[in-house]
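Please read the structure below before turning to the comments.
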Amino acid sequence: MAEEPLLIEAAEGSELIDTEGRRYLDGVSSLWCNVHGHRHPAIDAAVREQLGRVAHSTMLGLSHPWATELAARLVEIAPPGLNRVFYSDSGSTAVEVALKMAFQYWQHRGGQHVRKTSFISLEGGYHGDTLGSVSVGGMPLFHSTFEPLLFRSHRVEPGNLDQVARVLAMHEEDVAAIVMEPLVQGAAGMVTHPPGFLRAVRRLCDRHGVLLICDEVATGFGRTGTMFACEQEGVSPDLLCLAKGLTGGYMPLAATLASERIYEAFLGSHAEFKTFFHGHTYTGNPLACAAALASLEVFERERTLVRLQPKIRLLREWMSQVERMREVTEVRQCGLMVGIDLGEHDPGLRLGHRVVLEARKRGVIVRPLGDVIILMPPLSISKQDLRRLVEVVAKAIRAAYPVAELDAGAKGRLDAALLEAA
Ligand code: PLP
C-alpha cells in the first residue's frame, strides 16, 4: 500500500494542518508530548518573550533564572523528597542520567556497595534509544540488535511481585536500582500494572537497599489523570525522569529529579572528583525552560487536571464500546492513555499500520505499536473531539480489517458478515 508523505505546516489546538490545508486531529499529541494544545497563546507568548532575552546559554558553569525557577516549581509539584533537579534534553537522556547517577551513587558510598553495578527492569519496558536506556529496555524488536553493546539488567515480568522479590533477594548485593514506568508501560502497548504493584516495589526496594527509578517520561504531566503517576500509589522514587510533556510539548527538555540523599553523595572537595560528569550542549535551554514554566502556569490557571477527569470517564465509557467490537481483543486505559489491542496477527498484514492510514483518510492522526492502536490526545482536547477520535478510530479499524486480511490472503478471524459490511 503506497503511503502518502504528510507534511505538517501548522497547527491549532488539537489539530494539525498539512501543506494542502487539510486538518487532522492530533490523536497522539505529536508523540505523547503535547499537553495544552498547539499554539497555546500563553506558551507561545512565553517563548517569544524569551527570544527577546536569550535563546541559549550553557548550564555548564553558568545558570539562568528560568532554569532555577523551573527547578523550584518541579520540586514543588513532584512527589515528596525529590529536591534536586538535573536537566537534559530528551526522555532517553533523562533516563541515561538517572542510571548513571544511581550507579555513581553506590560507587561514592564505597565499601561493598561498589559491587552494585547492575539494574532490574521490566519486560516490555521502554526508556529511550540511547545505549543505557536500551540496556534497561525490554522490547526485543527495538533492543535485541544491540545486545552485545549493552550492560547487565535482570528482567522481571510486569506485575509479578513474587518474581521481583526473588530477584531482589538473589541480587541485592549487585543491583543499583530498579527502573520502571509507573502504572502503565506505554510503548509496550499501554500495558497496565495491577493496583498496588508500584507501592509494593517501592517497599521491596527499601527492604533490599536498592534505589527506585521511575520513568515518567510518558506518564508525567497529567497523562494518567494526576500530575505524576507515582502520586496514585503514594510513592516517591529516588530518581524521577521527566521529559515529553514538561514543556507542554513545545521543546526538547528533560529533567531527572533526585532525592537529597543521592545529591549529598556527590558532594566533596574538588580533589575528590565526585562530580557527575554529564552535560549536553542544550541542557536546560532557556527557551525550553520558559515554555515549561508557562505550561505549568496553564495547568493552574486552566485547572487542567480538574477538567481532565470527566474526559477520562467519558473515554472509559466509549472504550468499553470499542472493546466489544469483534475486531478488538482488549482495550487498556490509564487516564488519557489508551491501547486498542487488535490481537495476534501475521506481522505481514501490517494491520495496525493500515488502521492508521484509514484514520488519516478520515482526518485523524494516530500511531500503532504493532497491532495495538495508541490514543493519547492532548489533555486539552474537547469532549466533542475526543468523541470524534474514538469514532474515527473505530471506523478505521472496521475499514482496515477486511482489506488487510484479503491482501495477505489470510484466513481465520475474518467472518463473512464483516466482509459484507465492508
Ligand atoms: N521513557 C519513556 C517511558 C518513553 O515513553 C519514551 C519515549 O516514548 C522515552 C523514555 C524516550 O523519550 P525520548 O524519545 O524523548 O528520548
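Descriptive notes on the structure:
Residues checked against (1) within 15 Å of the ligand (Cβ to nearest atom); (2) closer than 22 Å to GLU96 by Cα; (3) among the basic types (Lys, Arg):
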residue	(1), (2), (3)
PRO148	no, yes, no
LEU198	yes, yes, no
ARG207	no, no, yes
ASP238	no, yes, no
LEU242	yes, yes, no
LEU246	yes, yes, no
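- Applying the set (1) open to solvent by less than 10 Å² (accessible area, probe 1.4 Å); (2) within 16 Å of the ligand (Cβ to nearest atom) to ALA176 leaves exactly one unmet item: (2).
- Contact annotation: residue pairs with Cβ atoms under 6 Å, 6 or more positions apart or on different chains, pairing a residue in the stretch 32-50 that is within 16 Å of the ligand (Cβ to nearest atom) with a partner that is of a type in the set (D, E, K, R) and open to solvent by 10 Å² or more (accessible area, probe 1.4 Å), are TRP32/LYS244; CYS33/LYS244.
- Test: PRO182 is under 23 Å from VAL331 (Cβ atoms) and within 12 Å of the ligand (Cβ to nearest atom): yes
- The listed residue being under 26 Å from the mean Cα position of the chain (by Cα), surrounded by 16 or more Cβ atoms within 10 Å (Cβ to Cβ) and modelled with pLDDT of 95 or more, out of ALA46, ALA72: ALA46
- Members of the stretch 125-155 that are within 15 Å of ASP215 (Cβ to Cβ) and outside any helix (DSSP H, G or I): GLY125, TYR126, HIS127, GLY128, ASP129, THR130, VAL136, GLY137, GLY138, MET139, SER153
- Number of the exception - PHE277 against (1) touching a residue at least 60 places away in the same chain (Cβ under 8 Å); (2) closer than 17 Å to VAL97 by Cβ; (3) open to solvent by 20 Å² or more (accessible area, probe 1.4 Å): (1)
- Flag for THR130 being touching a residue at least 12 places away in the same chain (Cβ under 8 Å) and farther than 25 Å from GLY234 by Cβ: yes
- Looking at the stretch 7-59, the strands (runs of 3 or more DSSP E) lying wholly inside it that each contain 1 or more residues that are more than 18 Å from LEU375 (Cα to Cα) sit at 8-12, 15-18.
- Odd one out for TYR87 among (1) open to solvent by less than 40 Å² (accessible area, probe 1.4 Å); (2) in a helix (DSSP H, G or I): (2)
The values are calculated or read from the model by the stated rules, or taken from the named source; none is laboratory data. Quick caveat, the model's predicted, so the values are computed rather than measured. A quick note on method: Cβ atoms are made from the backbone with ideal geometry, for glycine too, and the neighbour counts reach across all protein chains shown. What goes into the accessible areas is simple: the full protein's heavy atoms, side chains included, and nothing from ligands, DNA or RNA. Shrake-Rupley method; radii C 1.70, N 1.55, O 1.52, S 1.80 Å.
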